[in-house]
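Shown next, in structure tokens, is the structure this report addresses.
The values are calculated or read from the model by the stated rules, or taken from the named source; none is laboratory data. Quick caveat: nothing in here was measured; it's all calculated off a predicted structure. We place every Cβ from the backbone using ideal geometry, glycine too, and count neighbours over all the protein chains shown. Keep in mind that these areas ignore ligands, DNA and RNA; they rest on the heavy atoms of the full protein, side chains included. Shrake-Rupley method; radii C 1.70, N 1.55, O 1.52, S 1.80 Å.
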Amino acid sequence: MRPVHQHGEWSEAQLLGAKAGQRVSVVIPARDEQDSVGDVVARVREEWVERHPLVDEVIVIDSDSKDATAERARSAGALVFAAAEVRPDVGAAQGKGEALWKALHVVTGDLLVFLDADLLDWGPHFVPGLLGPLLTDPQVRLVKAVYDRPMVDDGGRQAEAGGRVTELVARPLIALHWPYLSDLVQPLSGEWAIRRSTFERLSVPMGYGVEIAAVVDVAERHGADAIAQVDLGRRTHRHHRHDTLGPMAVQVLAAAEVRLGWRSPGRRDDHVTLVQYDRTPTGFVRHERHPNIGERPPAWSVEGYRNETGEDLRQ
Ligand SMILES: O=c1ccn([C@@H]2O[C@H](COP(=O)(O)OP(=O)(O)O[C@H]3O[C@H](CO)[C@@H](O)[C@H](O)[C@H]3O)[C@@H](O)[C@H]2O)c(=O)[nH]1
Ligand SMILES: O=C(O)[C@H](O)COP(=O)(O)O
């Protein structure tokens, strides 16, 4: 079994020393997260920008929010970019993966730490925990967060274990097709860290397929040992309603099918139709949802992409 590191394994001094000349970017994708994004930004900045110089920039990628996400993030001290306005020449699409891919075009970091913006019960220790393996082991390219993830209802009561898409889609896919990744405790955790030089070479699903794609692609290219995992304790977040988990599952499945060679990576406008039903007094009403299953090509292959050294990486 792959070891599970503890977030407190590395001292601040050790991490700061290992950071040496490298730059670290914390990237927070956010769609309509006005209630929580400010707290995530402020606590990371306070601890890891102001108190200890571990993080060089905290960036929020505003993913088509209709609420005050951008304003709240900015006033908490983040650099805010609207996903649709980054590289407008390559077009815009909706989705978390799209936000992370667009981030590659604006970050200056060598090491990228991704945090979800809907975190409720979490702590700034997430950041050094995720950076520990990247800073101390050159073989590691991707670090996944591990945590307890209880399902918490609106009254704050804990019901059952959360991670419904993880349990019903990701783990079964891994069991069937990539059993050597079964030792990943939270394959879909939204908190992960990766070397920029690795992420910029991956094809990135625009939606929620980004996590399953990253773990499979990194393992297949660099070996399963290039992925580390770190126990961060406990994390709660805003839960989806059951009817929005279906589109998420479609995106995870589609990303897996691409990696199995069953479908080609879709383009920007590649949507599937997911049909759901509601019972009404007059019968069933059909609803359609159209999750995007497109993928962005590796950022380094996109004309005009520059890495932090200003070098043109296209081959
Ligand atoms: O179009 C979108 C949708 C979501 N988000 C942000 O992405 C993060 C995660 O989205 P969320 O809807 O909260 O996902 P979860 O229900 O938390 O899903 C889990 O599983 C997903 C599938 O692997 C991962 O992408 C998530 O990070 C992980 O937390 C949040 O900050 C969102 O605001 C965007 O930026 N753009
Ligand atoms: O990662 C998952 O499986 C989805 O985010 C659903 O999580 P939840 O069941 O805790 O809401």
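Each residue in region 119-154 was checked for being among the charged types (D, E, K, R) and modelled with pLDDT under 95, and 5 pass.
Within region 43-82, restricting attention to residues that are closer than 24 Å to Ala13 by Cα and out of contact with any strand residue (DSSP E or B) (no Cβ under 9 Å at 6 or more places or on another chain), which residue is most open to solvent (accessible area, probe 1.4 Å)? Ranking the qualifying residues of region 43-82, first place goes to Arg51.
Among the numbered conditions (1) within 23 Å of Pro3 (Cα to Cα); (2) within 16 Å of ligand 1 (Cβ to nearest atom), the only one that Val106 does not meet is (1).
Scanning region 173-224 for residues that are under 23 Å from Asp110 (Cβ atoms), within 16 Å of ligand 2 (Cβ to nearest atom) and either open to solvent by 10 Å² or more (accessible area, probe 1.4 Å) or in a helix (DSSP H, G or I) (or both) yields a total of 5.
When Asp121, Asp148 are checked against the criterion of being charged (D, E, K, R), over 23 Å from Ala249 (Cα atoms) and touching a residue at least 60 places away in the same chain (Cβ under 8 Å), Asp121 stands alone in meeting it. When restricted to residues that are surrounded by 14 or more Cβ atoms within 10 Å (Cβ to Cβ) and assigned to a strand (DSSP E or B), region 277-298 contains 5.
Regarding region 17-25, can at least one residue be identified that is out of contact with any Gly (no Cβ under 8 Å at 6 or more places or on another chain), without any contact (Cβ under 8 Å) to a residue 60 or more places away in the chain, within 22 Å of Ala228 (Cα to Cα) and assigned to a loop (DSSP other than H, G, I, E, B)? Yes, there is a match, as at least one residue in region 17-25 is out of contact with any Gly (no Cβ under 8 Å at 6 or more places or on another chain), without any contact (Cβ under 8 Å) to a residue 60 or more places away in the chain, within 22 Å of Ala228 (Cα to Cα) and assigned to a loop (DSSP other than H, G, I, E, B).
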